[in-house]
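Input: a single structure, listed below in structure tokens.
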């Protein structure tokens, strides 16, 4: 299946896509509103609720725009490049979760290579317990998404580092 065909089928199959899909696919968190889909041997996530999806979209837009300077991006028109989008999604949600629990948002050291392993064991250790619940807790605490202290959350975005990729060593033929 070519990429253009995949994208059109994806949009048909998943009209309420999860805006924190990268976070869920990399097993950094869970969400009670997310539903896993399979298409052409790939995983995707849909959102059960349009209102939850809208709330996630608004938060993600705030995270992107507030992290713009830190990520050295001048303009944001939709998704960021892959690695920066992951930093915003994972670092932003983790920072929000830390902020709500009165913990330091600069402590992202629990997000190591072992936490990014695929499989059921990683779901048990996911640092973001529930995306939807975290956002609802933030709305309860700050009354509106606009009033969240994003300058604090940006610290977690900046401090979040993706796991090092294990590169295969080139074999020397003797």
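Residues that are without any contact (Cβ under 8 Å) to a residue 40 or more places away in the chain and either assigned to a helix (DSSP H, G or I) or in contact with a helix residue (DSSP H, G or I) (Cβ under 9 Å, 6 or more places away or on another chain) (or both) within the range 53-71 comprise 53, 54, 57, 61, 64, 65, 69, listed in sequence order. Being over 19 Å from residue 141 (Cα atoms) and in a helix (DSSP H, G or I) is a description that does not apply to residue 35. Has the range 113-125 got at least one residue that is buried (at least 18 other Cβ atoms within 10 Å of the Cβ) and either at pLDDT 90 or above or within 17 Å of the chain's Cα centre (by Cα) (or both)? Checked the range 113-125: no residue is buried (at least 18 other Cβ atoms within 10 Å of the Cβ) and either at pLDDT 90 or above or within 17 Å of the chain's Cα centre (by Cα) (or both).
Considering (1) surrounded by 13 or more Cβ atoms within 10 Å (Cβ to Cβ); (2) over 14 Å from the mean Cα position of the chain (by Cα), the lone condition that residue 69 does not fulfil carries the number (1). Considering the range 15-47, the residues that are at pLDDT below 95 and farther than 28 Å from residue 2 by Cα include one that is surrounded by the most Cβ atoms within 10 Å (Cβ to Cβ), namely 28. Regarding the range 67-75, can at least one residue be identified that is modelled with pLDDT of 85 or more and closer than 30 Å to residue 15 by Cα? Yes, that holds for at least one residue.
The values are calculated or read from the model by the stated rules, or taken from the named source; none is laboratory data. Treat the numbers as computed from the prediction; the structure is a model and nothing was measured. We place every Cβ from the backbone using ideal geometry, glycine too, and count neighbours over all the protein chains shown.
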